[in-house]
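Here's the structure, in structure tokens; my notes come after.
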Amino acid sequence: MSKRNREENHQFINSEEIFNNNNFMEEKAKKFVKLDTQEIFSDDICFEIISMLDDSWFILNNCTLISKQFFNVIKERSKLVIQFKNKITEKRVELCMKSQFMNSIVNVKFSTNLLEAIEELELVTEMKQLTSLNIRGNRIGDEGAKYISEMKQLTSLNIRENEIGDEGAKFISEMKQLTSLDIRGNRIGDEGAKYISEMKQLTSLNIYYTLIGIEGAKFISEMKQLTLLNIYYNLIGIEGAKFISEMKQLTLLDISNNEIGIEGAKFISEMKQLTSLNINYNEIGDRGAKFISEMKQLTSLNISYNITGDRGAKFISEMKQLTSLDISNNRICDEGAKYIVK
């Protein structure tokens, strides 16, 4: 393991393990005062030893007790990933707030339907080194989106399925440090897409099932820095596909279930920089499959549920560079299957 990799090593721990013992920090403090503070190894060697361990709970519950030096090395260099699975009680919040490892937490995930009040997010705002937050499926709404938008240190945010509208999208668009955003399953519509399109620093965006139409697709197409886009299950149609096809920097695109048809497939086939494409549920047929088969740079293709027959299968079979292909649930008979399995 290289020194750089060791320094970026994330130590994983479940939040339940942190809060299981109500006297966790108090007991640790009592044991800590009995330790010998003499330094035998350098800090780098101590971290080297810690990096060989995969059990974060063991590290926090045991290695922090070895010496003051080990304690400080763990506190200053470890990167913790915490998942909240059960209800967040006031006692748990209090214990976590007192933890000397709050600034070691870089990634937090909440289970769905966990939060009962927006105020419970205060705990997360105190994690000053937090860069990644997953809060999917917690019904935080526009008010919660406003709360989250104040966390200016985040670079990755999953806020999917949270009953957020265009107003909430406006709050999220103010997070200029984000590079990855998953806002799928919210009702942001074209107006919300306009706000999101102003996030010029984003490189990865998931807006699957957000009621975006042609106008919204136009706004999104102006995000020239995006390399990954999931716009699955919206209402963009052929005109929307034309706008999306102008995003020449994209390498991964999911445009499934958007009623783009044969003409839309033609527009998408002009995206010569794409390496991964999901275009299922678009009724592109054999003619659309022919257009897609001209994308010789693709390595991954999902063209399932597209009314494609044997002719379409023959066209797709010519894409010898593919390493991943899903052509299931089409109208391919034995003849078409022979082309694919060659």
Only one of K200, K152 is within 21 Å of N107 (Cβ to Cβ) and either hydrophobic (A, V, I, L, M, F, W, C) or surrounded by fewer than 19 Cβ atoms within 10 Å (Cβ to Cβ) (or both). Can you tell me which? K152
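Give S293, S276 a once-over and let me know the one that is touching a strand residue (DSSP E or B) at 6+ places or on another chain (Cβ under 8 Å) and polar (S, T, N, Q).
On inspection, the qualifying residue turns out to be S276.
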Please enumerate the residues belonging to segment 112-145 that are among the acidic types (D, E) and under 16 Å from G185 (Cβ atoms). D142
Considering only residues of segment 226-244 that are under 15 Å from S180 (Cβ atoms) and not hydrophobic (A, V, I, L, M, F, W, C), which is nearest to the chain's Cα centre (by Cα)? N230
Subset of segment 244-255 (residues that are within 16 Å of G216 (Cβ to Cβ) and assigned to a loop (DSSP other than H, G, I, E, B)): S245, E246, M247, I255
Checking K109 against (1) crowded, with 16+ Cβ neighbours inside 10 Å; (2) of a type in the set (D, E, K, R); (3) in a helix (DSSP H, G or I), which test does it fail? (3)
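Does I135 satisfy the criteria of being in contact with a strand residue (DSSP E or B) (Cβ under 6 Å, 6 or more places away or on another chain), within 25 Å of N230 (Cα to Cα) and of a type in the set (A, V, I, L, M)? Quick ask: steps written out before the conclusion?
Working: in contact with a strand residue (DSSP E or B) (Cβ under 6 Å, 6 or more places away or on another chain): yes; within 25 Å of N230 (Cα to Cα): yes; of a type in the set (A, V, I, L, M): yes.
Here the answer is yes, as I135 does meet what is asked.
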For N257, indicate whether it is among the polar types (S, T, N, Q) and at positive phi. yes
Filtering segment 128-172 down to residues that are more than 16 Å from V81 (Cβ to Cβ) and among the hydroxyl-bearing types (S, T, Y), which residue is farthest from the chain's Cα centre (by Cα)? Y147
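Bear in mind that the values in this text are calculations on the coordinates, not laboratory data. Note that the structure is a prediction, hence the values are computed from the model and not measured. Positions of Cβ are generated from backbone atoms using ideal geometry, with glycine treated the same way; all protein chains shown enter the neighbour counts.
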